[in-house]
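Structure record follows, encoded as structure tokens.
Just so it is clear, none of the values below were taken in a lab; they were calculated from the coordinates. Small disclaimer: the values here were computed from a predicted structure and weren't measured. Positions of Cβ are generated from backbone atoms using ideal geometry, with glycine treated the same way; all protein chains shown enter the neighbour counts.
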Amino acid sequence: MNDPKVDIIYEGAFLFAETLVRTDVLIRKSNGWKLVEAKCSSSVNENHRNDIAIQYYVLKNLNIKVSEAVIAHLNTDFVFNDQNNDYKNLKIEKNVLETIEPKTPLVAEWIKDLLPITMENSKEPDVGIGDHCKDCQYLDRCKSKTHLANVDTPISILPLVGKRLEKKWLDKKIYDLRDLPKSEFENYQDKEKYLIIQNCHQNNEEWIRPDFIEKLKNYAWPRYFFDIESVMQAVPIIPDTKPNDPFPFQYSVHKWKFEDQEITLEDSKQFLEFNSENMDRKYLEKLIIDLGNDGPIFAHNASTEIKALSYLVKRKNCIDLTNKIENIKTRIIDTAKLFRENFYNVAMMGSYSLKDIIKILPNASSYSSEYDQVGDGGDAMIKWFEYTNPNTTNKEKQKIRENLTNYCAKDTLNLFLIFKYLYSRGR
Ligand code: SF4
């Protein structure tokens, strides 16, 4: 900092009052330093202001003059154009010096309150689980210290209302869904569903709506299982995309032609590109072929697939494919909705995510994020970033391709296996 030739400092580390901050960017100005806190959100919120206020407090107490403090966030109107490679308008800077200056006394209080709990062997604060725990990453740990840790079927597994009911019945010492009075569900629109889930756990049995297998059998042939992976780029490198546009770069389609047909992972038809010319059009053209002209298309939480197709087909070099893509969209059936309305197994523990439903299958392909594999959509997105990193070697790229191909195929194969399982329950 004392070297006048240094004009910009990235990720500088500063320590005051046992509080370490890393400032994203410091830019030397004629009258002090410009402090920049970079966020990949589309606007500024109070947490961002508190974040930069702590940095400002530390710098100020170290006698570093901050003449400007800004939060830089993404400009959602920015469109990346690879012709001029210009990111000038990617960010919007919001000047916050005037709003964070008055927070300085508060920051001193925050540090005073929080420092004791950072000390080795310090006592944990005596605070029970409650509304303040929403989204807290330590929830499982805190629960493990209460009665809830040893409950077989926590009330919280109930879709939508579980967490609320768990808290409500905590004081009455009712922790297990099986012990909850049935009258509790009386006023809920999904009363029938909650009673079904509770009943399954009480009797350790599976529930299938009586006409469901027949309904499955009546779907036309061929049938398709379909899954999409997308990437959201904070700093777009795909031409004509905006920050955080969910851009589809992969799909898997499994085709099921007749009831007794067996399907394997290798039968998946796929598209997988990272940032190639005309990639959007190539994606849709191949998809139109792979999904044929008719037959139902099953996708889990299908709104993702429908939105992704709508996004791609609106791009200027894909518009002429609109009719074909609209036809595909009308054939899509959401299996999450289908299963939610017609089926429950205790192994699912209240969840209709594909990864939880497959717990009922003895031979399902399981998911793992270990050893560089792809375990979920978040991992798939990270692989896209790794692949497009200029430092990634060809060997590493090859591995990424294999892992992504395997992951996406698993999703569609597992849907097929769930159908087979349900068929077997109807025999
Ligand atoms: S779950 Fe989080 S917010 Fe709730 S008591 Fe534990 S640490 Fe505090």
Original post:
Roughly how compact is the chain, stated as its Cα Rg over 2.2 N^0.38 Å to two decimals?
Top reply: 1.21
**OP:** Excluding residues fewer than 8 places away in the same chain, name every one of the aspartates and glutamates whose C-alpha is closer than 19 Å to that of K168.
**Re:** D131, D135, D140, D152, D176, D179, E184, E186, D190
Original post:
Based on Cβ point charges of +1 for Lys and Arg and -1 for Asp and Glu, what charge dipole magnitude is obtained for the chain about its Cα centre, in debye rounded to the nearest 20?
Top reply: 420
**OP:** Could you point to the residue in I92, N218, C142 farthest towards the positive end of the chain's charge dipole, with +1 and -1 charges on the Cβ of Lys/Arg and Asp/Glu respectively?
**Re:** N218
Subject >> Contact order normalised by residue count of the stretch 131-205, Cα under 8 Å, 6+ apart, percent >> reply: 23
Original post:
Å³ per residue of the Cα convex hull, for the stretch 131-205?
Top reply: 100
Original post:
To the nearest 10 degrees, how steeply does helix 377-388 sit against the main Cα axis of the chain, on a 0 to 90 scale?
Top reply: 60
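Add -39500 (n - 2.57) for each DSSP H run of 4 or more in the chain, then divide by its residues: what number comes out at 222 nm, to the nearest 500 deg cm²/dmol?
The helix-only estimate for the chain comes to -11500 deg cm²/dmol at 222 nm.
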Subject >> Residue among S303, T23, V70 farthest towards the positive dipole end of the chain, charges placed on Cβ >> reply: S303
Original post:
Nearest 10 degrees, 0 to 90: what angle lies between the long axis of helix 279-290 and the longest principal axis of the chain (Cα atoms)?
Top reply: 10
**OP:** Kindly identify the stretch 283-330 as rounded, prolate or oblate by the Cα gyration tensor criterion: order the square roots of the eigenvalues as a ≥ b ≥ c, call it rounded if a/c is under 1.5, otherwise compare a/b with b/c, prolate if a/b is larger, else oblate.
**Re:** oblate
Original post:
In straight Cα distance, which aspartates and glutamates are under 15 Å from K420, not counting same-chain residues fewer than 8 positions off?
Top reply: E214, E259, D260, E262, D411
**OP:** With the Cα gyration tensor of the stretch 272-418 in hand, convert its eigenvalues to equivalent ellipsoid semi-axes via √(5λ) and list them largest first in whole Å.
**Re:** 27, 24, 11
Subject >> Formal net charge of residues neighbouring P236 (Cβ-Cβ distance under 15 Å; K, R +1; D, E -1) >> reply: -2
Original post:
Rounded to the nearest 5, what is the percent of antiparallel bridges among the DSSP beta bridges in the chain?
Top reply: 75
Subject >> Of K145/K355; K269/K395; K5/K60, those spanning more than 25 Å from alpha-carbon to alpha-carbon >> reply: K145/K355
Original post:
Cα centroids of the stretch 354-405 and the stretch 301-343: how far apart, whole angstrom?
Top reply: 23
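If you build the Cα gyration tensor of the stretch 376-427 and take the root of 5 times each eigenvalue, what three semi-axes come out, in whole angstrom, biggest first? Don't skip to the answer; put the middle values down first.
Numbers: eigenvalues 234, 19, 4 Å².
So the equivalent ellipsoid measures 34, 10, 4 Å along its semi-axes.
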Original post:
Using mean Cβ contacts within 10 Å as the protection proxy, how do 184-193, 293-302, 120-129, 414-423 order, highest first?
Top reply: 414-423, 293-302, 184-193, 120-129
Subject >> Local electrostatic count, R427, Cβ distance below 13 Å [Lys/Arg +1, Asp/Glu -1] >> reply: 0
Original post:
What net charge is computed for the residues neighbouring I117, neighbours being all others with C-beta under 10 Å from the C-beta of I117, Lys and Arg scored +1, Asp and Glu -1?
Top reply: -1
**OP:** For K29, go through the aspartates and glutamates and keep the ones whose alpha-carbon is under 14 Å away, minus same-chain ones fewer than eight residues off.
**Re:** D3, D7, E68
**OP:** Largest first and in whole Å, give the semi-axes of the stretch 8-114's equivalent ellipsoid, each being the square root of 5 times a Cα gyration tensor eigenvalue.
**Re:** 27, 15, 12
Subject >> Cβ-based exposure ranking for R178, R209, in which fewest neighbours within 10 Å come first >> reply: R209, R178
